[in-house]
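I have placed the structure first, in the form of structure tokens, so that the comments after it can refer back to it.
The values are calculated or read from the model by the stated rules, or taken from the named source; none is laboratory data. Only a predicted model underlies this, so the values are computations on that prediction, with no experimental measurement involved. Cβ placement follows ideal geometry from the backbone for every residue including glycine, while neighbour counts extend to all protein chains displayed. Areas reflect the complete protein model, heavy atoms only, side chains present, ligands, DNA and RNA absent. Shrake-Rupley method; radii C 1.70, N 1.55, O 1.52, S 1.80 Å.
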Amino acid sequence: AAVFSTSKAVVSTQSTGKIWLMFAQFEIRQKNLSEARKIMGTSIGKCPKPKLFKGYIDLELQMREFDRCRKIYEKFLEFDMSNCNTWIKFAELETILGDSDRARAIFNLAIQQPLLDMPEILWKAYIDFEVEEEEHDRVRALYKSLLQRTKHVKVWISYGNFEATIEEAERARDIFEEADRSLQQESQKEERVLCLEAWREFEMKHGTEQTQNDIAKKMPRRVKKRRKIDVEEGGEGGWEEYWDYIFPDAEANSSNLKLLQMAKMWKKQQQESSEEEDEEEEENEEEG
């Protein structure tokens, strides 16, 4: 006890989280819970570190003091509202306690934060939560909201696969089709290939022979190309080989463009030929 009393004086002036935790654990072994709580409360006041918050929460969980856990989580988030793991753990606690409304409110508040350290895991946790709750319309709303923030191909694929898992094949197909259009407009070739491969896999499991043929026609050709290496001014760059993807719709558009260009050239030639004929007629009239 004397050792920890001395340590208390030390940690009062130094941010040594490990000693705070050891001190609190010592008091718990002495069955002095109130003193352990005082120590942990003082610790997060003097040196608020994630490890101390987590240690305090674990202590109250062991005591099954869930209201105290909530208050500590709130303090934890006041300390750092960008920590996605804290938001997720807080929501998970409410889920374990059977309070879905509280868990949903926590997730909803979390995704509204202007700065988050790992937003992708937070959104995934929120979506997984609603999937477990079988709130399919809420899941769709979350995916749509997420797609307003990012058009990442993994989000599109996850959304499509979600609809497939609940046997909503038409919805899934519509999502894959929308994803393909979006990625095409953004000229994201590699991402578009990933999307089409996921779509093809979906059609192999849930589609018909017709839909499987349709997606097969959308798959690109993989071709090897060469490009010049960009170097600093004055340097000589060589050439490098790389793989590119040629999509059927791009080839069709290219063919249409060539036809359009040829039509314009033909029209221009006709106009020029007509003008030359007019000039010859005028010259003949003047001579006559």
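Looking at the structure I just gave you, is Pro248 crowded, with 17+ Cβ neighbours inside 10 Å, more than 30 Å from Ile111 (Cβ to Cβ) and either at pLDDT below 95 or among the hydroxyl-bearing types (Ser, Thr, Tyr) (or both)?
Numbers: crowded, with 17+ Cβ neighbours inside 10 Å: no; more than 30 Å from Ile111 (Cβ to Cβ): yes; either at pLDDT below 95 or among the hydroxyl-bearing types (Ser, Thr, Tyr) (or both): yes.
For Pro248, the condition - crowded, with 17+ Cβ neighbours inside 10 Å, more than 30 Å from Ile111 (Cβ to Cβ) and either at pLDDT below 95 or among the hydroxyl-bearing types (Ser, Thr, Tyr) (or both) - is not met.
Give Asp180, Asp214 a once-over and let me know the one that is within 30 Å of Tyr242 (Cβ to Cβ) and over 19 Å from the mean Cα position of the chain (by Cα). Show your work before the answer.
Details: Asp180 fails: over 19 Å from the mean Cα position of the chain (by Cα).
On inspection, the qualifying residue turns out to be Asp214.
This table checks each residue for (1) without any contact (Cβ under 8 Å) to a residue 12 or more places away in the chain; (2) part of a helix (DSSP H, G or I); (3) of a type in the set (Ser, Thr, Tyr).
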position	(1), (2), (3)
Trp156	no, yes, no
Ala172	no, yes, no
Glu190	no, yes, no
Leu196	no, yes, no
Glu203	no, yes, no
Asp214	yes, yes, no
Arg222	no, no, no
Asp230	yes, no, no
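What's the number of the only condition in (1) over 27 Å from Val139 (Cβ atoms); (2) at pLDDT 95 or above that Arg192 fails to meet? So the condition that Arg192 fails would be (1). On the given criteria, is Leu52 over 27 Å from Thr150 (Cβ atoms) and either β-branched (Val, Ile, Thr) or in contact (Cβ under 8 Å) with a residue 24 or more places away in the chain (or both)? The answer is yes for Leu52. The number of residues in the range 111-135 being open to solvent by less than 60 Å² (accessible area, probe 1.4 Å) and of a type outside the set (A, V, I, L, M) comes to 6. Within the range 158-178, the set of residues being of a type in the set (Ser, Thr, Tyr) and buried (at least 19 other Cβ atoms within 10 Å of the Cβ) comprises Tyr159 only.
Selection of the range 49-80 for residues being open to solvent by 80 Å² or more (accessible area, probe 1.4 Å) and among the aromatic types (Phe, Trp, Tyr) yields only Phe79. A count restricted to the range 184-221 and to residues that are closer than 20 Å to Thr165 by Cβ and either open to solvent by 80 Å² or more (accessible area, probe 1.4 Å) or among the charged types (D, E, K, R) (or both) stands at 8.
Residues to consider are Arg138, Arg181; find the one that is closer than 20 Å to Glu197 by Cα, without any contact (Cβ under 8 Å) to a residue 40 or more places away in the chain, open to solvent by 70 Å² or more (accessible area, probe 1.4 Å) and part of a helix (DSSP H, G or I). Walk me through it before giving the result.
Details: Arg138 fails: closer than 20 Å to Glu197 by Cα.
Only one candidate qualifies: Arg181.
So, in the range 36-48, exactly how many residues are surrounded by 14 or more Cβ atoms within 10 Å (Cβ to Cβ) and over 22 Å from Cys84 (Cα atoms)? Here the count works out to 8.
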